[in-house]
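K.L.:
The structure that follows is given in the form of structure tokens.
Every number here is computed from the coordinates shown, using simple stated rules; none is lab data. Nothing here was measured: the structure is a model prediction, and the numbers come from that model.
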Amino acid sequence: MAQKGVVATQYPMGPIEELGLLKMDFLGLSNLTIIKNALRIIKKSTVMT
């Protein structure tokens, strides 16, 4: 779901590439950020002193 006021579209990769455009997966990037933050929190909470 797009944020309020943000235009978002969704098209299959094939037709987009045929037009010579680049399809980018920003959902994947946000998922990687969530995983990175989760790992950081886990590391902080399991540090042995």
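K.L.:
What 222 nm value per residue comes from the helices of the chain, counting each DSSP H run with n ≥ 4 as -39,500 (n - 2.57) and dividing by all residues, nearest 500 deg cm²/dmol?
P.N.:
Here the helix-only value at 222 nm equals -17000 deg cm²/dmol.
K.L.:
Specify the angular offset, from 0 to 90 degrees and rounded to the nearest 10, of the alpha carbon long axis of helix 26-45 from the longest principal axis of the alpha carbons in the chain.
P.N.:
0
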